[in-house]
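The structure appears below as structure tokens.
Please treat every number below as a calculation from the coordinates, not as lab data. Only a predicted model underlies this, so the values are computations on that prediction, with no experimental measurement involved. FYI the Cβ positions are ideal-geometry reconstructions off the backbone, even for glycines, and counts take in every protein chain you see.
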Amino acid sequence: MNEITPLLEVKQLSKTFSLSNKERGSSKSTLKAVNNVSFRLYKGETLGIVGESGSGKSTIAKMILQLLEPSSGSVYFAGEDVGKLSKTAKKQQKATIQAVFQDPYASLNPRMRAKEIVTEPLLIHKRMKKAERSKRALSLLEEVGLGRQHLDRYPHEFSGGQRQRLSIARAIALKPDLIVCDEAVSALDVSTQAQILNLLKELQLVHGLSYLFIAHGLPVVKHISDRVAIMKEGELIEIGETKQIFHDPKEPYTKALLQAVPPAHPRDRQTN
Ligand SMILES: Nc1ncnc2c1ncn2[C@@H]1O[C@H](COP(=O)(O)OP(=O)(O)OP(=O)(O)O)[C@@H](O)[C@H]1O
């Protein structure tokens, strides 16, 4: 990868879902969840992706994380077409792209202790022996502002913000290049949101991480994003420097989003 090769490049990415009869009345039909989306993300950069619920943000995230096959288009990582990699290369690449989701209750195994949760990726990718992993567990927790006293706790023994710190510790365990944050702070109250955003920024500086930061409202992405992309009904309708998007938006839809008090997402009812 040379200096100008983007870390991540999404080219004309589309995803169409077939809907069953039940979902769409009597006739079978399809839904274009993502339509011809292209963008680039560079090393050390944060790209915010904002759009209302159903605009296709998570579907893009899933295609980048190789959890969903694109219907057409490609995802390039460090200049390589992910769809064309061998099975082994794909597995290796998966380790370099990690994710933090909105609901740590759903993404953290309730029966695992914090020390096991944060080091499980190292076990899966056979990166370390047991003794080394225990040491790493503590350093990972410390990196996200938790401590020795948290090592043996289960997810339900943490607050919402602490659980998200745990998700972040797990996401950085394999020293990835990119973290996809899909509504990662949406369920948290405003002050906890700010703390988690600050933590993400610190980790970005220390580890040279890139973030794809997905949210349904613009305020959340304002202080973390270098650039912001706006999604509407599966299409990327505007992309620009954060300053430009906030102070000189081109699209009427972006202007409307800026004026809107973002509606509470149905999943945002969890309190800290
Ligand atoms: N597996 C699936 N089968 C059928 N339709 C799907 C599937 N996954 C997503 N969709 C539909 O695709 C569209 C885009 O969904 P997506 O989850 O990507 O949106 P989003 O912008 O992330 O919204 P949210 O913030 O609510 O998660 C929606 O209409 C959704 O119902």
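Some notes on this structure:
- Springs join every pair of Cα atoms under 10 Å in this Gaussian network model of the chain, and among Glu157, Glu132, Glu52 the largest mean-square fluctuation is at Glu132.
- Mean separation of Cα contacts under 8 Å (6+ apart) over length of the chain, as relative contact order %: 25
- Remark: region 234-250, residue by residue, has Karplus-estimated 3J(HN,Hα) of x, 10, 8, 9, 7, 9, x, 4, 3, 4, 5, 4, 7, 9, 9, x, 8 Hz, where x stands for each Gly or Pro and the curve is 6.51 cos²θ - 1.76 cosθ + 1.60 at θ = phi - 60°.
- Pairs beyond 32 Å (Cα-Cα), from Lys11/Lys91; Lys57/Lys90; Lys11/Lys130; Lys126/Lys222; Lys62/Lys126: Lys11/Lys130; Lys126/Lys222
- Rounded to 10°, Cα long-axis angle of helix 87-96 versus longest principal axis of the chain: 80
- Remark on region 55-125: hydrodynamic radius 14.0 angstrom, per the Kirkwood mean of 1/r across alpha carbon pairs.
- Sorted peptide list for 56-66, 189-199, criterion being average Cβ within 10 angstrom, highest first: 56-66, 189-199
- Taking amide H positions as modeled 1.01 Å from N, with prolines and chain starts lacking one, the residues under 5 Å from Leu68 and 5 or more places away or on another chain are Met63.
- Helix-only [θ]222 nm of the chain, DSSP H runs n ≥ 4, -39500 (n - 2.57) each, per residue, nearest 500: -10500 deg cm²/dmol
- Cα pair count fraction exceeding 31 Å, expressed as % - the chain: 27
- Ranked by how many other beta carbons lie within 10 Å on average, peptides 213-219, 12-18, 232-238 from highest: 213-219, 232-238, 12-18
- Global geometry of region 100-259, whether rounded, prolate or oblate, following the gyration tensor of its Cα atoms and the 1.5 cut on a/c: prolate
- Span from the region 170-206 Cα centroid across to the region 94-169 one, whole angstrom: 13
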